[in-house]
1. How much net charge surrounds residue 123 when only other residues with a Cβ under 12 Å from its Cβ are counted (Lys, Arg +1; Asp, Glu -1)?
2. How large is the charge dipole for the stretch 39-133, taken about the Cα centre, if only the Cβ atoms of Lys, Arg (+1) and Asp, Glu (-1) carry charge, to the nearest 20 debye?
3. For the stretch 39-133, what's the radius of gyration and Dmax over Cα atoms, in angstrom?
4. Positive end of the charge dipole of the chain (Lys, Arg +1 and Asp, Glu -1 on Cβ, about the Cα centre): tell me which of 20, 49, 110 has its Cα farthest that way.
5. By counting other Cβ atoms within 10 Å of each Cβ, how are 78, 115, 35 ranked from fewest to most?
6. Considering the convex hull of the alpha carbon atoms of the stretch 22-86, report its projected area averaged over all viewing directions, in nm², one decimal.
7. Would you calculate a helix-derived [θ] at 222 nm for the chain, using -39,500 (n - 2.57) for each DSSP H run of n ≥ 4 and dividing by the full residue count, to the nearest 500?
8. Net charge around residue 82, counting only other residues with Cβ within less than 15 Å of its Cβ (Lys, Arg = +1; Asp, Glu = -1)?
Amino acid sequence: MAIAESKALVRVKDFTRHINQIFSPVFFTVIGARMNIMLFSREIIIGMLILTGIALITKFAGCFVAALPKLRDLGRTMRLAVGMIPRGELGLIIAAIGLTHNLVSEVLYLEAIGMVILTSFIAPILLSKMYEAEVVEAPLE
């Protein structure tokens, strides 16, 4: 908050962009390298789909409930809620920590990674459909 109002904002954004270019690929490589793809099975896919369904519903609902009183527009609130669905970085970090400390099995870790990947693909598709529907419904001037 303090930086957002300061003159240093441009320099801070530039610095974090460079840091992000270095550490983002490393982060996702480490997360992916910990996956045991030899465990892949029909049960894992079913688990991924179940987790993805739960994630879609709970992420959408949580954001929708929080945003509706502020935005007071059903369409904008729904688009915002769908836009927040693919935010899975924290889930990846928690799953990796859980795997490291043997709190999460390799199977659950693989399902969680799959869920993050699926929500990252599903949300933009849903958003594009929502925006297409809005354009079709909008009256021509």
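Since every read-out is calculated from the coordinates, none of them should be taken as a lab result. Note that this is a predicted model, so its numbers are computed, not measured. Every residue, glycine among them, receives a Cβ derived from its backbone with ideal geometry; neighbour counts consider all protein chains shown.
1. Counting the neighbours of residue 123, the net charge comes to +4.
2. For this selection, approximately 460 debye.
3. Cα-based Rg and Dmax for the stretch 39-133 come out at 15.0, 46 Å.
4. Selected residue: 20.
5. 35, 78, 115
6. Result: a mean projected hull area of 6.2 nm².
7. Counting only the DSSP helices, I get -27000 deg cm²/dmol.
8. Around residue 82, the charge tally is +2.
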